[in-house]
Amino acid sequence: MTETDLMLYLHIPFCRKKCNYCDFLSGPFSPEVRRGYLDALKTELRARCGAVRGKRVSSIFFGGGTPSLLEEEEISGLMEELRSAADILPDAEITIECNPGTANLEKLKVYREIGINRLSIGVQSADDEELTLLGRIHTWEDFLKVYRQAEAAGFTNINLDLMSALPGQTLTSWMNTLEKVLALTPQPVHLSVYSLILEEGTRFMEWEQQGKFCGRWALPSEELDREMAHETLVRLKAAGYHRYEISNFSKEGYECRHNCGYWKRREYLGLGLGAASLLGAERFDNERDIKRYMADPLEGRQSQKLTRREEMEETMFLGLRMVEGVSRKEFQDRFHVTLESTYGAVIEKNHRDGLLLSDEAGVRLTERGMDLSNYVMAQFLF
Amino acid sequence: MSQIDQSKIRNFCIVAHIDHGKSTLADRIIEQTGLLTSREMQAQVLDNMDLERERGITIKAQAVRTVYRAKDGEEYIFNLIDTPGHVDFNYEVSRSLAACDGAILVVDAAQGIEAQTLANVYLALDHDLDVFPVINKIDLPSAEPQRVIEEIEDVIGIEAQDAPLISAKNGIGIDEVLEQIVHKIPAPKGSPENPLQALIFDSVYDSYKGVIIFCRIMEGTVKKGTKILMMATGATEEVVEVGYFGAGQFIPCEELSAGMVGYITASIKNLKDTAVGDTVTDADRPCSEPLPGYKKVLSMVYCGVYPADGAKYPDLRDALEKLQLNDASLNYEPETSLALGFGFRCGFLGLLHLEIIQERLEREYNLDLVTTAPGVVYKVYKTNGECMELTNPSNLPDPSEIEYMEEPIVSAEIMVTSEFIGSIMELCQERRGRYLGMEYIEGTRALLKYELPLNEIIYDFFDALKSRSRGYASFDYDIKGYERSKLVKLDILINREEVDALSFIVHADSAYERGRKMCEKLKDEIPRHLFEIPIQAAVGGKIIARETVKAMRKDVLAKCYGGDISRKKKLLEKQKEGKKRMRQIGNVEIPQKAFMSVLKLDDRN
């Protein structure tokens, strides 16, 4: 990846049904809205890609929502549009998020044909009762079927999304999910493991406020939550995965280039409803109202020019998400001051507290620091 | 108008239980005596501080003069003196009453007599005022005027059959009130020729005029140039201006003579020189003795007031100085706390006074404050024979130097409907109350009499009372005196360090209970840290309760969605902001509201 590279994100906000924990900008929409939205997305794509001509696209990510809800011709139409509007590198990483309840062999084959080379499957749990609680539209069996189809279609670079610390989950039931995942053949090369966070406006938050998460459905304590996370770390290491970011694990060489780009502050162009972009030192956020977006996809984009200090803050709190941390040399090359002169005291304090490792190469979070990453990162804000 | 016919003056006040409509009636009287047009009326003319309006109570006594043309064709001058409606200001109330010749008793037609009604009426009768009742809110569906009239006659023993039935809010029956003021309230006495004798019932500070004394002239005459002497404080000054009270303004006049109510200015710089209750006389021709009833106002409740941001200490000092100019009953002196840094130990008349001052500091002076748990003044008798008055628990001498301690006791009257008598008695029992007796007011209501330690009622007694009687109990109290008591200092240790700002004095028998609740409360208030934090309560170095704030195990954000970095940054910023509002004690960060947590320890609220 070089300085002139660009990453693309396309937001597909459609879902068959909103999950109970989800606060992303997504939901069920009618087929008419879907068609209208895709037209608007293409309009935006043409205009915005035109404005960044000369940059080569190193990764593309279809996120959602549920991009796998799109019909074969809809996704290939989008891809065609992208190929004519942007200069996509031959080895670009092209990912699509996939819900086991919406994918099938035909779709997966089309994905391969149009150049998609990475699947991110939201399985979340291997326990059907937990899947129902989460409001997922699929079972573990549905997932197994899709996983086999993906292999048949020729996918080798597959990520699975998993969630721990679910209401009613025990260490045993969580490890059971993990074991089932690791028993897959072939083993997925990438795993994203998040512990549940209750977000405002979700049904989960509503239920929590109504006191419904109690007894058999109690939320795991902070202690149990971390126990799950630590057991996960040990188990995945033993299975040949390495952790390269707070919540991401992969087999050697299969780190997600797109997500690493976010943490390293590479330039990216986000297309679609509410999508975010970083271009130069400027951040953008697209219109979040779907009607208004469809009326004019180029209107309503907010922009914020980052100051040098804000760029420093971002460099730290994003860089520290990665296990490799923030390099002293890269910081100095970018800002022409040393990391020490800017953040010496904070680094020293967190080093003392056992949350940060600091050496000649740079700074990175310890395992404990990863558990308490917000606590550490907040201190890097001016 | 140099000569005013004394027989045409009526000096009176209105007494009522809170919310029975005192201020509204005052507004109607002012309105219908034609001093102001309706357009000029603000909703409540007498209450001109924002805070008063919001709380619906009157803080400072004020006065207004209006002119009424009665049905007999004569013009009468009404001086309506407004009195504060809260027990904290009892002394001010008593001085305002002393400035009057009569009082209107307002009773709510639905609620009838309340504890405060009784307390205020007795106070008025004690001052030999002629009291006549009016029944307010007669337009309420639940109004029972006849029952209330009988209640007034039975309980208070004053004639009530011809009490005006009014609705101050809707202007019903006000004419009758005005006529009764003329006929039922006596004209003032006193001779303009006698040596000057004037009662100070309030004073305010004005940056142009200096102190403005609100007074009632009992005897003699005062005018520009009179050399006046404040008999208790000994201050003397030459009068610059005299006048009377328009609605919200001062209207200068030639002279004030016996029977009149008005103001005096005399280039007095310090409000402390013009104590409420003091007697003003002519320095060259003094009266033989001062008016009775003067006493020095003592602070009953103390607490530490600290700026949340240590750098704002000078601002806090300036603000207190300015507030004191207008409120002589506020006193303060600098103190330092290991936990909170530089601040002030402030003395107040009571908890309401404390809350009002605190709110004014925050609102009018834009200060962010940390206040410590309020405490009362204890008397500590030491083995060496000395007696010290303790206002700050941190200054308690070593137990070995203490012979014994005394705490202030109040006599309390609680009026309650019979169904709640049990739970209120239980509450008083829990608060170390001594039962004195009970009187049935009528079939369903009773007046409970208790003696209670002041330190048991300054925190949340009123809230507890209300919640245990579903809002029906009313309460009034009077300071009775000091009594010997088994008191101990309860210390709180956070991460094994004593936090001076959290110490308080408590009765030995409730120390364990309070310590336990305090630890529980603090455990919820203090966020998790990188390490485990023990929270302990101790008496005399012995730990009596403990809770633990577990070490922080997790503080991590979920998925960083689609490169939406701004949202993530906002979360981190919020976290950082939260930290700024914490106090660092040792290596523990304590949220400021934790210092107030001792205030709300009643489980049943």
For this session: Kindly list the number of the only condition in (1) within 12 Å of another protein chain (Cβ to nearest Cβ); (2) buried (at least 17 other Cβ atoms within 10 Å of the Cβ) that fails for A:Ile290.
Result: (1)
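Please find, among A:Glu314, A:Glu299, A:Glu330, A:Glu324, the residue that is acidic (Asp, Glu), buried (at least 17 other Cβ atoms within 10 Å of the Cβ) and not assigned by TED's automatic domain parsing to the domain that holds A:Ser247.
Numbers: A:Glu299 fails: buried (at least 17 other Cβ atoms within 10 Å of the Cβ); A:Glu330 fails: buried (at least 17 other Cβ atoms within 10 Å of the Cβ); A:Glu324 fails: buried (at least 17 other Cβ atoms within 10 Å of the Cβ).
Of A:Glu314, A:Glu299, A:Glu330, A:Glu324, the one residue that is acidic (Asp, Glu), buried (at least 17 other Cβ atoms within 10 Å of the Cβ) and not assigned by TED's automatic domain parsing to the domain that holds A:Ser247 is A:Glu314.
For every residue, the table says whether it meets (1) assigned to a strand (DSSP E or B); (2) surrounded by fewer than 24 Cβ atoms within 10 Å (Cβ to Cβ).
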| site | (1), (2) |
| --- | --- |
| B:Leu80 | yes, no |
| B:Tyr91 | no, yes |
| B:Ala103 | yes, no |
| B:Leu118 | no, yes |
| B:Val121 | no, no |
| B:Asp139 | no, yes |
| B:Gln146 | no, yes |
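Can you name every one of the strands (runs of 3 or more DSSP E) wholly within the stretch A:239-284 that holds 3 or more residues which are buried (at least 19 other Cβ atoms within 10 Å of the Cβ) and either in contact with a Pro (Cβ under 9 Å, 6 or more places away or on another chain) or not basic (Lys, Arg) (or both)? Even if it seems obvious, please write down each step before you answer.
On the way: elements: A:242-245, A:248-250, A:268-271, A:276-279.
So the answer is A:248-250, A:268-271, A:276-279.
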For this session: Say whether the condition of being touching a Ser or Thr at 6+ places or on another chain (Cβ under 6 Å), surrounded by 14 or more Cβ atoms within 10 Å (Cβ to Cβ) and touching a residue at least 60 places away in the same chain (Cβ under 8 Å) is met by at least one residue in the stretch B:450-472.
Result: yes
Exercise. Which is at pLDDT 95 or above, buried (at least 22 other Cβ atoms within 10 Å of the Cβ), touching a strand residue (DSSP E or B) at 6+ places or on another chain (Cβ under 6 Å) and away from every other protein chain (no Cβ under 14 Å), of A:Ser59, A:Ser68?
Worked result: A:Ser68
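Out of all the residues in the stretch A:196-214, is one or more away from chain B (no Cβ under 13 Å), among the polar types (S, T, N, Q) and farther than 29 Å from A:Gly27 by Cα?
No, there is no match, as no residue in the stretch A:196-214 is away from chain B (no Cβ under 13 Å), among the polar types (S, T, N, Q) and farther than 29 Å from A:Gly27 by Cα.
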For this session: Give me a count of the residues in the stretch B:107-116 that are surrounded by fewer than 22 Cβ atoms within 10 Å (Cβ to Cβ) and among the β-branched types (Val, Ile, Thr).
Result: 0
Exercise. Between residues in the stretch B:299-327 that are closer than 24 Å to B:Asn395 by Cβ and residues that are part of a helix (DSSP H, G or I) and β-branched (Val, Ile, Thr), which pairs lie under 9 Å by C-beta distance while being six or more apart or on different chains?
Worked result: B:Val305/B:Ile357; B:Leu320/B:Ile357
Problem set entry | Hey, B:Ser191 over 22 Å from B:Ile441 (Cβ atoms), in contact (Cβ under 8 Å) with a residue 24 or more places away in the chain, part of a strand (DSSP E or B) and among the hydroxyl-bearing types (Ser, Thr, Tyr) or not | no
Problem set entry | helices (runs of 4 or more DSSP H) wholly inside the stretch A:302-382 that include at least 2 residues being within 12 Å of another protein chain (Cβ to nearest Cβ) | A:308-319, A:339-352, A:367-371, A:373-378
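Residue under question is B:Leu522, and the condition is that it be assigned to a strand (DSSP E or B), away from chain A (no Cβ under 14 Å) and in contact with a strand residue (DSSP E or B) (Cβ under 9 Å, 6 or more places away or on another chain); does it hold? Outline the logic, then answer.
On the way: assigned to a strand (DSSP E or B): no; away from chain A (no Cβ under 14 Å): yes; in contact with a strand residue (DSSP E or B) (Cβ under 9 Å, 6 or more places away or on another chain): yes.
In short, no.
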Exercise. Which is touching a strand residue (DSSP E or B) at 6+ places or on another chain (Cβ under 8 Å), free of Cβ contacts under 8 Å to residues at least 60 places away in the same chain and more than 14 Å from A:His11 (Cβ to Cβ), of A:Arg265, A:Arg301?
Worked result: A:Arg265
For this session: For B:Arg604, state whether it is at pLDDT 80 or above and not in a helix (DSSP H, G or I).
Result: no
Exercise. Looking only at the stretch B:211-255, which residues are over 28 Å from the mean Cα position of the chain (by Cα) and assigned to a loop (DSSP other than H, G, I, E, B)?
Worked result: B:Gly220, B:Lys224, B:Gly225, B:Thr226, B:Val239, B:Val240, B:Glu254
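The values are calculated or read from the model by the stated rules, or taken from the named source; none is laboratory data. Here the structure is a predicted model, which means the values were calculated and not measured. With ideal geometry, Cβ positions are generated from the backbone for all residues, glycine too; neighbour counts draw on all protein chains shown.
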